[in-house]
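*Asks:* Have a look at this one.
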Amino acid sequence: MARKYALMWWTVTSSKTKLRVGRLVKAHGLKGALKLELYTDSPDQRFRAGQELELQVPETSEWFGKTVKVAELRFYNQSPVLFLEGIQDRSQAETLVKAILLIETDLEQLPEDPEAWYDHQLVGLTALVGKEVVGKVIRVDHLPAQDLLAIETSNGEVLVPFVKQIVPSVDIQKGQVVLTPPAGLFEINLPGGDSDEN
């Protein structure tokens, strides 16, 4: 199995960082619970009873600009299920499906794990294959299966799985990531490479 890095998802507000700690996937049962996709390695801390969570939802959502409070976090068959204060039935829970959950923390607080980063630490890093510069990291895409580094090259964007086997080295101080991509991932985007458009 590919070894994943730990990522801290974020949104900056002045000197604070709003960390994305989870996403509500779907309603669970009839009592207002929601299945939770975790974006944190500390669920017991981030989802303790009484914790206030901000919601990232579309402006058209009835929950736009509102917050919720954790009632309880449970695990069923190792899958996290979240109970929120005031959400008492399935129909209420379904209005929150796909909402991103955020908490506010100090921007200066960095992950203690040496192989964990906030997204903003990765954006802007130079991407190298061997000693050759192939582009820069422009964002991190968080997908259910894995995280992807979006690398902007001279001929377009390349999405690279953010796993140890393909991204063996991240050096924030040097401002670079070293990649060992599968054959063909970057060649089509390098000058003189093959392209389907040719």
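*Asks:* Considering only residues that are in contact (Cβ under 8 Å) with a residue 24 or more places away in the chain and of a type in the set (Lys, Arg), which ones fall in the stretch 137-167?
*Replies:* Lys164
Results for (1) of a type outside the set (D, E, K, R); (2) at pLDDT 90 or above, shown as yes or no for each residue.
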site: Glu157; (1), (2): no, yes
site: Pro161; (1), (2): yes, yes
site: Lys164; (1), (2): no, no
site: Pro168; (1), (2): yes, yes
site: Ile172; (1), (2): yes, no
site: Val177; (1), (2): yes, yes
site: Ala183; (1), (2): yes, no
site: Pro191; (1), (2): yes, no
site: Asp196; (1), (2): no, no
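*Asks:* Another question, then. Among the residues of the stretch 18-47, write down those that are in a loop (DSSP other than H, G, I, E, B) and surrounded by 12 or more Cβ atoms within 10 Å (Cβ to Cβ). Outline the logic, then answer.
*Replies:* Residues of the stretch 18-47 in a loop (DSSP other than H, G, I, E, B): 29-32, 39-42, 47.
Of everything in the stretch 18-47, those that are in a loop (DSSP other than H, G, I, E, B) and surrounded by 12 or more Cβ atoms within 10 Å (Cβ to Cβ) turn out to be Gly29, Lys31, Gly32, Tyr39, Thr40, Asp41, Phe47.
*Asks:* Within the stretch 47-58, can you find the residues that are under 21 Å from the mean Cα position of the chain (by Cα) and farther than 13 Å from Arg23 by Cα? Give the steps one after another, and end with the answer.
*Replies:* Going through the stretch 47-58, the residues under 21 Å from the mean Cα position of the chain (by Cα) turn out to be 47-48, 51-58.
Selection gives Arg48, Gln51, Glu52, Pro58.
*Asks:* Within the stretch 123-131, is even one residue modelled with pLDDT under 80, touching a Pro at 6+ places or on another chain (Cβ under 7 Å) and crowded, with 16+ Cβ neighbours inside 10 Å?
*Replies:* Applying the first criterion (modelled with pLDDT under 80) to the stretch 123-131 yields none.
No - not one qualifying residue is present in the stretch 123-131.
*Asks:* Taking only the stretch 48-63 into account, find how many residues are under 16 Å from Gln92 (Cα atoms) and surrounded by 12 or more Cβ atoms within 10 Å (Cβ to Cβ).
*Replies:* Counting residues in the stretch 48-63 that are under 16 Å from Gln92 (Cα atoms) and surrounded by 12 or more Cβ atoms within 10 Å (Cβ to Cβ) gives 4.
The values are calculated or read from the model by the stated rules, or taken from the named source; none is laboratory data. Just so you know, these numbers come straight off a predicted model, no measurement behind them. Please note: Cβ atoms are built from the backbone with ideal geometry, for glycine as well, and neighbour counts cover all protein chains shown.
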